[in-house]
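Values in this text are rule-based calculations from the coordinates and carry no lab data. Since the model is a prediction, treat every value here as computed from it, not as a measurement. Using ideal geometry, Cβ is built from the backbone for each residue, glycine included, and neighbour counts are taken over all protein chains shown.
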Amino acid sequence: MRVSRWLADRWVMIVALLVLGYLALPILVVAGLSFNRPSSRLSYDFNEFTLDNWRQPCATSDMCDAVVRSVQIGFIATVVATVLGTLMAFALVRHRFRGRAGINVLIFLPMATPELVMGTSLLALFVSAGVPQGFWTIVIAHVMFCVSFVVVTVKARLAGMDRRLEEAAMDLYASEWQTFRRITLPLVLPGIVAAALLAFSLSFDDFIITNFNAGTTVTFPMYVWGAAQRGIPPQVNVIGTAMFAIALLLVGLSSLRGRRARRANLLAAAPAARPARRPS
Amino acid sequence: MTGMASETPAGDLRLANLTKRFGIFTAVDDLSLTIPQGSFFALLGASGCGKTTTLRMIAGLEEPTSGQVLLGDRDIARLRPYKRPINTVFQSYALFPHLTIFENVAFGLRRRGIRSVDDEVTRMLSLVQLDGFGPRRPAQLSGGQQQRVALARALINQPQVLLLDEPLGALDLKLRRQMQIELKRIQTEVGITFVHVTHDQEEAMTMADTVAVMNAGRIEQLGAPADIYEFPATAFVANFLGQSNLLAGEAAGTSGGEVAVTAHGARFSVPAGRSRADRGPVHLGVRPEKLHLVGSADQVPAGHQHVTGVVSDASYVGVSTQYLLRTGWGTELSVFAANSGTSARVPVGSEAVAYWDPRHAFLLPRDAADTDRTAPVLDEPVGASS
Amino acid sequence: MTLLAPTGSGQAPPAPPAARSGRHRLLPYLLLLPGAAWLLIFFGVPLVQLAAASLYDPGGSLSTGYALTWAFGNYPDVVQAYWPQFLRSFGYAGLALVLALLLGYPLAYAIAQKAGRWKNLLLVCVVAPMFTSFLVRTLAWKTILSDNGALVGLLRDVHLLAPDGRLLATPFAVVLGLTYNFLPFLVLPLYASLERLDYRLLEAATDLYASPVQAFRRVTLPLSMPGLVAGTLLFFIPASGDYINAELLGTPNEYMIGNVIDSAFLVRLDYPQGAALSFLLMAAILAVVFGYLRRAGTEEVL
């Protein structure tokens with residue numbers, strides 16, 4: 001009786017934890033395989049523990065070249081997409097203009113279109129226009145699919161911002177430019193940074209669109225794809241684990257900062273009376 | 001930035017035929033008024049009456065559709081907000097969350113290129129009793145403290161006009177009372193013009209030396225709080241500012257300084273000086289606290305007028321007992337009897353007579369279709385706000 | 001009343017400064033121009049180009065060049081040749097969606113309503129898989145499902161799997177991979193709408209004689225509908241266009257339409273066919289999406 005009651009109260013949480021386990025399993029396997037010395041190039045099974053892969057992550061130099069190239073592409077695409085997307089977000093949130101609905105569709109569609117269709121259609125364009133494919137066509141493609149995500153992210157932050165803060169600044173003798181520099185930009189910055197991080201991770205991890213527009217240029221996902229046929233070097237798992245660790249570190253640091261700020265606020269605000277709404 | 005915060009006072013703030021339309025909606029309708037320099041002026045009205053739009057036009061946050069905003073002789077209606085010697089205390093304060101209290105207060109001075117702000121900011125923080133709060137962030141302050149920062153942030157610029165947009169709305173009752181007194185003190189101290197927008201009539205009456213009651217984009221009445229309360233100009237004002245018993249009647253002209261009124265078959269009179277109409281359909285108004293209850297008509301003192309009815313409800317609210325007296329024609333009059341211990345309570349269901357001194361009544365013009373009105377427009381009668 | 005004196009009337013108000021309002025009217029377009037142009041040139045135009053390519057003369061080739069001959073026959077041709085892959089794409093994606101809903105709804109619900117102070121940590125756990133490479137993670141499933149792996153061994157031991165039975169290179173592996181890869185896209189929007197659900201509504205429902213199941217059906221489910229619809233689309237669209245899972249975890253017998261398109265463009269270099277397939281995929285997905293949105297009755301998700 002007691003057991004079934006306990007289960008009835010907690011089965012949702014139990015299922016949730018099992019699903020989280022399902023989501024985490026491959027990462028554990030990747031981390032484990034980064035310490036593996038495979039028995040053969042085409043084997044995916046754990047064979048023998050070794051630190052060699054971490055000591056010499058660039059033993060297969062093609063792979064490290066691909067990683068560097070992915071970082072370069074990701075960086076350029078992120079900068080361009082963040083600038084373009086932020087400008088669009090400002091226009092959408094802060095201005096009234098004709099054609100808003102059309103612009104919204106233009107921003108929404110790339111997020112709702114299968115990557116396959118975007119990749120192949122860009123390929124069709126580049127081929128018919130005679131544009132040689134390579135590094136820059138990848139950058140173009142990545143900017144294209146990142147812009148929408150930047151717009152959405154920055155827009156959310158901007159829409160949540162109190163317009164009265166800017167009015168207050170103008171009231172306090174700040175010109176339009178000073179208001180933007182001193183108030184708007186610092187307050188929207190977290191949204192822009194989040195958008196940039198999202199854009200970078202989308203670009204760095206993209207395979208499908210890149211695959212159709214890369215020519216002979218090899219990014220890290222394309223390297224993995226090619227290697228999956230020829231045999232995966234275990235260092236791929238080192239890169240995968242390292243990426244994961246770096247991202248986790250970033251998340252941890254930012255949440256730590258947020259928590260410290262929150263705690264400071266709580267301590268300071270604790271004795272203060274809560275503003276009460278008067279009945280009306 | 002000429003003329004900003006200059007030593008010579010610019011003079012009265014005048015609004016001339018100010019109109020603001022949003023599409024087909026007219027928020028402010030041909031508004032003209034003069035706010036004398038150095039006064040504490042309150043714009044009072046229900047939400048949506050156009051008072052905040054008026055304030056925003058004075059601040060420069062909204063451009064008028066037509067009309068002028070004059071400061072002295074200068075039309076500032078189309079100047080950008082940062083070019084006006086006017087500052088605002090915003091509703092819910094709009095403190096910059098990413099800046100410290102010190103930087104919030106120093107913001108205006110810095111934007112005007114003033115380098116050494118330390119002394120000024122310290123002085124200002126102590127004026128609003130927030131010494132030592134400079135390094136904190138707005139989120140670390142309570143509502144009342146934030147309110148005072150907003151005040152300091154505006155006052156430090158020595159504006160010629162300070163606008164207050166529902167500045168106390170987010171505070172609880174006790175804090176609000178405290179801040180009302182505080183604001184009044186500071187206004188007397190710095191001597192600049194305060195324009196205060198509020199929907200809280202008690203707040204307006206406590207602080208302002210002049211109150212303008214706004215309704216549907218127009219000013220219904222303007223004057224000293226006591227004058228408005230004692231002799232309202234319209235039925236709206238009579239029931240927005242406090243509560244009134246308004247009886248529908250017909251006036252039959254003035255004779256001997258008195259206006260004769262027939263209402264519901266009875267004859268009354270009102271001094272001509274307290275009548276805003278002396279012929280045709282009128283409302284005869286008496287405030288509930290000006291009505292007194294007695295058991296029978298022969299107890300009514302000489303020179304007073306009265307209405308008979310049955311007590312249908314009695315609510316004991318501490319300082320007073322509030323009765324409802326159902327008249328013969330069905331209207332329920334409000335009667336507030338102070339619990340001063342001099343009169344006995346009247347039981348519900350008993351017959352009673354409500355009488356008043358004609359000098360306490362007032363006469364307002366009435367739309368022919370309008371009937372008796374006894375309910376307040378808003379649910380916040382004077383002295384009863386929770 | 002003396003204060004209410006009308007002040008200087010009669011003269012017309014000065015017109016608002018033209019320069020400022022003029023600049024204000026143009027500004028949004030200037031802000032939008034670069035981004036919108038980028039999207040138009042590199043998203044809009046290519047779609048037109050793809051449509052055109054799908055009507056090229058199928059007899060042409062990359063070296064000899066293609067002629068736009070309005071060869072509508074390309075469409076029936078590819079449908080006839082590849083309808084099994086089409087069906088498989090939507091079948092696998094649909095199956096994966098059902099699985100993902102069964103796994104994702106309790107997960108989103110638990111994080112939103114039951115996790116308390118662990119909420120943020122659990123959310124990070126949902127997003128965490130996306131921190132590392134999509135392909136590397138999918139390859140990890142190859143290890144997990146491997147014939148020599150612990151999982152297959154266990155299943156064989158308990159006779160859930162025949163002694164020579166496999167997990168890898170089966171439809172099961174492909175569906176499992178699809179479910180895994182796109183599950184976070186389903187969970188996150190679902191979480192967002194469940195998070196806003198006021199638990200007092202559930203208390204009110206139970207107070208009004210609803211059993212837990214009825215409370216879920218009548219209150220929780222309808223209120224989570226926007227997130228459910230958004231999440232379903234975010235899951236289904238990429239899943240039906242995916243070919244990585246089929247390639248890495250399946251065999252040609254499990255190939256989806258993406259594999260065919262990929263090889264049409266990059267191996268066989270048959271652009272008209274690839275373009276026709278791509279365009280069909282897009283049309284099919286749009287049809288499914290709009291049909292679904294109409295039925296779900298929440299068009300505001302768009």
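Assuming R0 = 30 Å, what is the FRET efficiency of C:A284 and A:S43, from their Cβ-Cβ distance, to the nearest 0.05?
On the way: r = 39 Å, r/R0 = 1.29.
Taking R0 as 30 Å, the efficiency between C:A284 and A:S43 is 0.20.
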Exercise for the section: Specify the angular offset, from 0 to 90 degrees and rounded to the nearest 10, of the alpha carbon long axis of helix A:135-159 from the longest principal axis of the alpha carbons in chain A. Expected result: 30
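What dipole magnitude, in Debye to the nearest 20, does chain B give about its Cα centre under +1 on Lys/Arg Cβ and -1 on Asp/Glu Cβ? Walk me through the numbers on the way to the answer.
Values: 36 positive and 39 negative charges, 232 e Å.
Result for chain B is approximately 1120 debye, rounded to the nearest 20.
Test of understanding: given chain C, find the longest segment containing no chymotrypsin sites (Phe, Trp or Tyr not before Pro) that are in a DSSP loop and have at most 11 other Cβ atoms within 10 Å.
The longest uninterrupted stretch comes out as C:73-208.
Between A:F135 and C:A37, what FRET efficiency comes out of the Förster formula 1/(1 + (r/R0)^6) with R0 = 25 Å and r the beta carbon distance, rounded to 0.05?
On the way: r = 21 Å, r/R0 = 0.86.
Working from the Cβ atoms, E equals 0.70.
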Handout entry: Farthest positive-ward along the stretch C:170-262 dipole, Cα basis, beta-carbon charges - from C:G177, C:G250, C:M225
Key = C:M225
Practice task
Please list, or write none, the aspartates and glutamates whose alpha carbon is within less than 13 Å of the alpha carbon of B:K184, excluding same-chain residues fewer than 8 places away.
Solution key: B:E203, B:D209
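Which residues make up the longest stretch of chain C that has no trypsin sites (Lys or Arg not before Pro) in a DSSP loop with at most 13 other Cβ atoms within 10 Å? Numbers along the way, then the final one.
Numbers: sites that count: C:R196, C:R268.
The longest such stretch corresponds to C:1-195.
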Handout entry: Longest segment of chain A lacking trypsin sites (Lys or Arg not before Pro) that sit in a DSSP loop with at most 13 other Cβ atoms within 10 Å
Key = A:99-276
Handout entry: Between 0 and 90°, nearest 10: helix A:115-129 axis offset from chain A longest Cα axis
Key = 80
Handout entry: Using alpha-carbon coordinates, inclination of helix A:61-94 to the longest axis of chain A, degrees
Key = 20
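Could you work out the equivalent-ellipsoid semi-axes for chain B, taking the square root of 5 times each eigenvalue of the Cα gyration tensor, largest first, in whole Å?
On the way: eigenvalues 430, 121, 50 Å².
Working from the Cα gyration tensor, I get semi-axes of 46, 25, 16 Å.
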Problem - With 10 Å bins from 0: P(r) over chain C, alpha-carbon pairs, percent - result: 5, 18, 23, 22, 15, 8, 5, 2, 2, 1, 0
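How large is the dipole of the stretch C:83-301 about the Cα centre if only Lys and Arg carry +1 and Asp and Glu carry -1, each at its Cβ, rounded to the nearest 20 debye? The partial results should precede the final answer.
On the way: 15 positive and 14 negative charges, 78 e Å.
About 380 debye.
Given R₀ = 51 Å, what would the calculated FRET efficiency be for A:W11 paired with B:F25, taking r from the Cβ atoms and rounding to 0.05?
Computed FRET efficiency for A:W11 and B:F25: 0.40.
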Practice task
Enumerate the lysines that B:K83 could reach by cross-link, defined here as Cα to Cα under 26 Å, with residues fewer than 8 away along the same chain left out.
Solution key: B:K20, B:K51
Exercise for the section: In whole Å, largest first, what are the principal axis extents of the Cα atoms in the protein assembly as shown? Expected result: 117, 75, 62
